[in-house]
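Written below as structure tokens is the structure these notes are about.
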Amino acid sequence: MTQPPIRSKASTPTEPPDWMRQKERGNLFWLKVMRALSLALGRRLTRPILYGIALYFLLTAHAARRASRDYLSHIQGRPASWWQMYAHVLAFASTIHDRIFLLNDCFDAFDFQVSGVEELHALHRAQGGVFLFGGHIGSFEALRTTSRHTPDVPQHIYLAMYEENARRISGILGAINPANAPEIIPLGKLDSMLKIREHLEQGAFVGILADRSLAFDQCVSVPFLGRTAQLPTGPFRMAAMLRRPVVCMAGLYRGGNRYDVHFKQIADFSHVDAAGRNAAIAEAMANYARTLESYCRAAPLNWFNFYDFWNTPTHAQN
């Protein structure tokens, strides 16, 4: 039996994490312009714009460039080149561009390869509502599209996130297509847990991006890609308290118009009592980290946490 890879003692950050201190780039005006051009001219004719956007981002976003270089150098075991960092940023830009088409029901432009969806269907039929835990990797819209257009799956995925993020995401998705914007459940309110439980009991999916913490989140240290990262315990503790299964999801961009969509169960809290809750949460978090790691190794350019995810003490200079 292997030793649990998670430290038993959790910690609460005393200041906002690195990703919250970075200034958000872009604005809704230019997103609306890109949406109008993309829907009028099509994906093939507007895709060349991404090459300039990616180059601009790489040249001007210094912190993101450092994070890309650090991540790519680590995962490939040798220093990352500028071309590799550019390809990393271009993959991110591509998923944002494709979001316009996916949220406007332009599905024929894409080739989806899906794995694990049969197991997801079986789990949903057996237990009803399921938590879908993702991360800032690949395309979440690819996952929503697959779920909406496969049988035996609820038509809506409710997204649970903290209020500040909820407002920003609602604005972005509403600018692309208000009709297809998902319903977002703001966390941190008195009735948040009640709403989530209600939706789960009705057989819905509740999606959470579980790889980032806020300043007041309790975190634990988890091995990830050979280093130690801080992951929030909140999403896993909520799934344990509501005694629901958890499936890890990822929509990996594979270049061109291709996406690999993965669903993998990482926990089932349905029979976990209070005495066994902490051990079950630790195991679920380890499974989550290992699953994210497998996605990163399968498609390295899909890691879109463009900040110091590992909180390393120093950075290489530009």
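Just so it is clear, none of the values below were taken in a lab; they were calculated from the coordinates. Fair warning: this is a prediction, and the values are worked out from it, not measured in the lab. Because the Cβ atoms are built from the backbone with ideal geometry, glycine has one as well, and the counts that use them run over all protein chains shown.
Working from the Cα coordinates of the range 24-118, the gyration tensor eigenvalues give, after taking √(5λ), semi-axes of 26, 20, 11 Å in decreasing order. Kindly list the residues of the range 260-292 that lie in the label zone of Cys106, defined by a backbone N under 20 Å from the point 7 Å along the Cα-to-C-beta vector. 260, by backbone N distance to the label point.
With neighbour counts taken as other beta-carbon atoms within 10 Å, the residues Thr95, Thr228, Thr145 rank, fewest first, as Thr228, Thr95, Thr145. Here is the size of the range 18-302 from its Cα atoms: Rg then Dmax, 18.7, 58 Å. Rounded to the nearest 0.05, the FRET efficiency derived from the C-beta distance between Val33 and Trp82 at R0 = 22 Å is 0.20.
The length gained on full extension between Asp191 and Arg227, counted as 0.36 nm times the residue separation minus their Cα-Cα distance, comes to 9.3 nm. The calculated FRET efficiency for the pair His74 and Arg254, based on their C-beta separation and a Förster distance of 30 Å, comes to about 0.85.
A simple spin-label model places pseudo-atoms 7 Å from Cα toward Cβ; at Ala40 and Gln218 they are separated by 5.3 nm. Size of the range 198-318: Rg and Dmax of its alpha carbons, in Å, are 15.9, 52. Ordering Cys248, Cys296, Cys106 by the number of other Cβ atoms within 10 Å of each residue's own Cβ, fewest first, gives Cys106, Cys296, Cys248. Which value does Rg/Rh take for the range 186-242 over its C-alpha atoms, Rh per Kirkwood? Looking at the range 186-242, the ratio lands at 1.03.
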